[in-house]
Amino acid sequence: MRAILLKERLLTGDHLSLKIVAWFLFFTFLTLLAGRHYLVIDRAVYPVVHMVIEFAIVVIAICVSLMSWYDYKYRHELKMLIISLTFCVVAPLEFAHALSDLGMPDFITPNSVNKASLFFIVSKLFLAAGLLTAVFSGDKIKIIRRSAIIPAFLALASAVLTVLVALFLSYMPAMYDLVAGSETGLRVFLGYLVMAMEGLAVLRLWMKKRFGKQDIYLSMALVIIIMSDLAFIYYRNHNDTYNLLGHIYQVFSFAFILKTIIDDAMGIIYETNRTLEIQWKLLSEKNRQLQEADLFKDEFLANTNHELRTPLTAIIAFTEMLLDESTGKLNALQKDYLGEISDSGKELLGRINGFLDLSKIAAGKTVLFKKEFGADELIEAVSSKMQPLFNQKEITLDVPLKTGLVRVWADWEKTGQILTNLLSNSLKFTPLGGRVMVEAGTDGSGQGVYISVTDSGIGIDTSDQERIFQPFQQLDGTSARRYSGTGIGLTYVKKLVELHGGSITVSSEINKGSIFTFTLPFREKGELGKVG
């Protein structure tokens, strides 16, 4: 049953079964080629070839250690940590093995076949034990604090072990018999022990319930390592083709392990990108729905405001008619009540008009009728209209006018609304006896005109200065707030300024007042009197 399931798994995805067959045939061909054309490589050539192959082994081992370490840091899988630490030890041992070979300069102590073989078998024992432990750890998650210390400590321990083996070589059991010209019995036994651990790791992988693509590549790597170890056990001369083939197999086995880790990492990246793509599509759909909802909201506000204005205008009109003595005589209390109704109605109508104007801007239906006029003319007209309100609250409205100071190219009515809103805002938040000043001049860039409104009011905290231009934002949003309002005045101002191609800024400190400054352009060539 397991064989059938395995066959189904191997036949799924990217022609994996064909790749396995191709690699198996390739390694079988190499083995047959080494047996048919057995030869002993010249002593002057072999060290160079051996060093090149060993250098490749060391480089790949370092890459495996680094890649598996980053994989562990990302997913915290115990097997990746074990693989990283295993190759962290194997890499320097393999390098010491290469340096200890005959034909290389002496490494700490005189080089010999026995010395190279000892470093080699120690490296193999670490590799087999590490891979076996990693395979049996399965998919366990292990988070270790300050885990970066572990590879540094192991690298140092591996370097110390390398030096100790070289220094105390004479006290170590022999791995190569110079007289017989072959491996010692202990070396052969250790070689079989290494292959037994590697074979057990392969068996454990094949017994997994979930046998994935990475498990297949890791199994292939272990099988190639076993073939490499067999070649190392049965070579008849240190420089023969079997020894060379063993090193070549080791390069391929390490490369397969590296491919396993890279494929795993690429799989993570692919899944992450796929998840991000799905989330992006969901966010795009949500954004589309929000835009539709915002459009429906604007249309609802516009329609509702139109519907509300009609009866409210009638209420105000009839109230004004009742206040007229021609409709009948009223007592003082009745006049007072009707006056309150009229004032409240006008205030409500003003707010409804504000909503309507804001919704028209959002819908792109606002039309600007631009013309050239003096900024001081506008300031004088607006301040004169609002002067009684400032006098009623005992606030000084300071307008240092200079006739013909600067001229702008803008919509007179809309610009008047901008300044009126800013002055109303200052009037609302400036205490009795305060001061409000309006100034105008050419901005620093020389491309337009600025108009600023400075007050000695309560001020705005730095963290709230961007928020006040957002629609329906009140810095005190409680039902018991001191200052009334809908929170659209400054939003409307900002939209109108930007519609003119200008900008608005605020500078303020708590209890020290605020300065609102907006800019308007000079007259531009090619401007028409009506701009949509």
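For region 367-446, what % of the accessible area comes from carbon and sulfur atoms, probe 1.4 Å? Looking at region 367-446 in its full context, I get 51 percent from C and S.
Across the alpha-carbon set of region 143-294, the Rg to Rh ratio works out to 1.22, Rh being the Kirkwood radius. To the nearest 10, the accessible area of E277 is 100 Å² with a 1.4 Å probe.
Calculated FRET efficiency, Q334 to K286, Cβ-Cβ distance, R0 = 41 Å: about 0.15 to the nearest 0.05. Within the set K142/K259; K140/K208; K385/K414; K79/K213; K79/K259; K73/K124, which residue pairs have Cα atoms separated by over 19 Å? Distance filter (> 19 Å) returns K142/K259; K73/K124. The heavy atoms of Y192 offer some 90 square angstrom of accessible surface to a 1.4 angstrom probe.
Express the carbon and sulfur contribution to the solvent-accessible surface of region 111-220 as a percent, rounded to the nearest whole number, probe 1.4 angstrom. Summing carbon and sulfur atoms, their accessible area is 72 percent of the total for region 111-220.
The protection proxy used here, the mean number of other Cβ atoms lying within 10 Å of each residue, ranks peptides 459-467, 84-92, 99-107, 241-249 as follows, highest first: 84-92, 241-249, 99-107, 459-467. Working ranking of peptides 71-82, 219-230, 333-344 by packing, defined as the average number of other Cβ atoms within 10 Å per residue, highest first, is 219-230, 71-82, 333-344.
The values are calculated or read from the model by the stated rules, or taken from the named source; none is laboratory data. These figures come from a predicted structure and were not determined experimentally. Because the Cβ atoms are built from the backbone with ideal geometry, glycine has one as well, and the counts that use them run over all protein chains shown. Calculation scope for accessible area: heavy atoms of the full protein, side chains included, ligands and nucleic acids excluded. Shrake-Rupley method; radii C 1.70, N 1.55, O 1.52, S 1.80 Å.
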